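The values are calculated or read from the model by the stated rules, or taken from the named source; none is laboratory data. Source: prediction; values computed, not measured. Every residue, glycine as well, gets a Cβ built from its backbone with ideal geometry; the counts of neighbours run over all protein chains shown. Ligands, DNA and RNA are stripped out before the accessible areas are found, and what is left, the full protein with its side chains, is counted by its heavy atoms. Shrake-Rupley method; radii C 1.70, N 1.55, O 1.52, S 1.80 Å.
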Amino acid sequence: MLSTNTYSLPTTIFLVLTFLFPSEAQLNATFYSSTCPNVSSIVSNAVQQALQSDSRIGASLIRLHFHDCFVNGCDASILLDQGGNITQSEKNAVPNFNSVRGFDIVDNIKSSLESSCPGVVSCADILALAAESSVSLSGGPSWNVLLGRRDGLTANQAGANSSLPSPFESLANVSSKFSAVGLDTTDLVALSGAHTFGRSQCQFFSQRLFNFSGTGSPDPTLNSTYLATLQQNCPQNGNGSTLNNLDPSTPDTFDNNYFTNLLINQGLLQTDQELFSTNGSSTISIVNNFANNQSAFFEAFAQSMINMGNISPLTGTQGEIRTDCKKVNGS
């Protein structure tokens, strides 16, 4: 069942953000109301069509937005191909290479928007809107996406390699990477909940299955029954690109089962299970709350997506509105 809950930014928080982050406050939910009034439905329809033939695409699109915003802010730099002034594409960074996907859907959306309202909607805003559609169409919350981002003129492959959280990192390291872009512990736990749908390749968690941290044994925080299943799917020296459901219970539905899985040691990635299994961590109570209260998770997730979408956007006359999301205009 699709949720009809819509969470918007409370006025008081908006005023505080206006004071603290004046450039970010230029983003607003009605940015295209006169220049491209159908933008939300065009994006939503394209995502809905894509989901019919590819159940993974919703998770892939939200990951694109996340991997974009953590590097140079939400400026669609992740979409730029190598060529011209782009000597090193973010697509070839270690966290992205042969892993991020959904570029064809973004191109389809851009083509539709260029037909309806040429030169108006940025690729960065397409990523933000596609992420919201992916969640709401998969049973999750809806929220008013703040808009008005412009597209960057450069890519930052080195930044993608250093700023994006790795599935092999400690909770402390992941927390510091969130903190570096202005996101707090609640944002970290809520946004991790996006792993309630989508897939992960064996190579991103196989270190937990046989020889965890050089111990010669599996990760002790991995449920033994779940471990046996994963060892079968991902044998030693097997195909590292084999896909596994991030949420074994409801793999294509956006719900709070990600958190109930953590309570029984069924987090797939090391960075998933660490949220619950790191002794003394402030994340544990948040995981418990979201596991017991899906509405609390949905509300926090919507707010954290707004917070993430506010990371250093280009606004006003900064950057440009790309005609083709893969390349800078004129290149």
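Below are the figures for this structure:
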{"quantity": "Pick from the stretch 154-174, criterion touching a Leu at 6+ places or on another chain (Cβ under 9 Å) and more than 22 Å from M305 (Cβ to Cβ), ranking: least open to solvent (accessible area, probe 1.4 Å)", "calculated": "A155"}
{"quantity": "Subset of the stretch 195-213 (residues that are in contact with a Gly (Cβ under 9 Å, 6 or more places away or on another chain), open to solvent by less than 40 Å² (accessible area, probe 1.4 Å) and farther than 11 Å from G240 by Cβ)", "calculated": "T196, F197, G198"}
{"quantity": "Wholly enclosed helices (runs of 4 or more DSSP H) of the stretch 4-106 bearing at least 1 residues in contact with a strand residue (DSSP E or B) (Cβ under 6 Å, 6 or more places away or on another chain), at pLDDT 95 or above and of a type in the set (D, E)", "calculated": "none"}
{"quantity": "The lone exception for A158 - which of (1) part of a helix (DSSP H, G or I); (2) not assigned by the TED database to the domain that holds H67 it fails", "calculated": "(2)"}
{"quantity": "Residues of the stretch 111-136 classified as crowded, with 22+ Cβ neighbours inside 10 Å and assigned to a helix (DSSP H, G or I), total", "calculated": "15"}
{"quantity": "Pick from the stretch 228-258, criterion aliphatic (A, V, I, L, M) and within 15 Å of S200 (Cα to Cα), ranking: most open to solvent (accessible area, probe 1.4 Å)", "calculated": "L243"}
{"quantity": "In the stretch 183-194, residue farthest from the chain's Cα centre (by Cα) [restricted to those that are within 24 Å of F97 (Cβ to Cβ) and either buried (at least 22 other Cβ atoms within 10 Å of the Cβ) or of a type in the set (S, T, N, Q) (or both)]", "calculated": "S192"}
{"quantity": "So S179, is it of a type in the set (S, T, Y), out of contact with any helix residue (DSSP H, G or I) (no Cβ under 8 Å at 6 or more places or on another chain) and assigned to a helix (DSSP H, G or I)", "calculated": "yes"}
